[in-house]
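Report on one structure; see the data block that follows.
The values are calculated or read from the model by the stated rules, or taken from the named source; none is laboratory data. This structure is a prediction, so every number in the text was calculated from the model and none was measured. Here the Cβ is made from the backbone with ideal geometry for all residues, glycine too, and neighbour counts use every protein chain on show. Remember, those area values only see protein heavy atoms, side chains included, never the ligands or the DNA or RNA. Shrake-Rupley method; radii C 1.70, N 1.55, O 1.52, S 1.80 Å.
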Amino acid sequence: GVVIHLYNLTDKTDTTVSSSGASSPAIYDNKLVWRDDSSGIPRLVVYDIPTSAKSYITRNVDQYSKPAIYDSSIVWSANDSVYLRDISKSKQTKIGDGSNPDIYGTKVVYYSYSEDPEVDMSIRMYDINTTKKITVTSSGDPNGPRIWCNKVIWSDVYNHQGFIAMYDA
């Protein structure tokens with residue numbers, strides 16, 4: 001099976017934290033999250049590095065879910081819906097219709113082909129604090145959004161060449 005490793009850059013130690021069925025790892029501070037298919041049912045694993053404790057997210061997870069984490073918030077998509085879970089409060093909500101989400105601070109970005117009535121395909125941004133959404137871009141064929149600080153990037157394959165675009169949030 002696929003194994004998740006945690007490599008500590010300070011003391012150069014390599015720790016195995018998963019033994020099978022793992023994919024799509026993400027890390028923030030002392031938390032790791034990944035999708036686990038070892039039980040035959042897709043689920044997300046939340047791993048606390050200091051204690052080695054694992055908890056599981058099983059609701060609204062499918063075989064394509066790829067989690068992203070920031071602070072105590074985890075985002076992922078399943079069945080064309082985007083979900084947000086606050087692991088400190090064990091609160092999970094659907095925040096949009098789309099896929100491939102990423103998170104930074106209080107902003108979540110994701111791809112949607114149905115949410116904005118004005119366009120077919122768009123990159124959407126959701127604000128966790130206000131629950132408001134905006135369309136970041138609706139030109140071409142945008143996908144794979146990523147966010148860092150106040151910058152959103154995505155790929156656009158409309159011209160079949162592929163290029164990276166950026167939005168200043």
Calculated diffusion of the chain, Stokes-Einstein form, Kirkwood radius summed over Cα pairs, 4 °C and 1.567 mPa s, µm²/s: 78
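Taking the Cβ-Cβ separation of residue 15 and residue 88 as r and a Förster radius of 30 Å, what is the calculated FRET efficiency to the nearest 0.05? Numbers along the way, then the final one.
Numbers: r = 24 Å, r/R0 = 0.80.
The value I calculate is 0.80.
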Quickly rank 43-53, 28-38 as a protection proxy: mean count of other C-beta atoms within 10 Å, highest first. 28-38, 43-53
At R0 = 25 Å the Cβ-Cβ FRET efficiency linking residue 129 and residue 23, nearest 0.05, sits at 0.20
Which entries of 31/94; 31/89; 66/132; 54/89; 66/151 have Cα-Cα distances beyond 18 Å here? 31/94; 66/132; 66/151
Just the accessible area per residue of the chain, please: how many Å² with a 1.4 Å probe? 55
Table column - 3J(HN,Hα) (Hz), the stretch 117-134, Karplus curve with 6.51, -1.76, 1.60, x for Gly and Pro: x, 7, 9, 7, 10, 7, 9, 10, 10, 10, 9, 4, 5, 9, 6, 8, 10, 9
Of the heavy-atom accessible surface of the stretch 1-143 (probe 1.4 angstrom), what whole percent is carbon and sulfur? 46
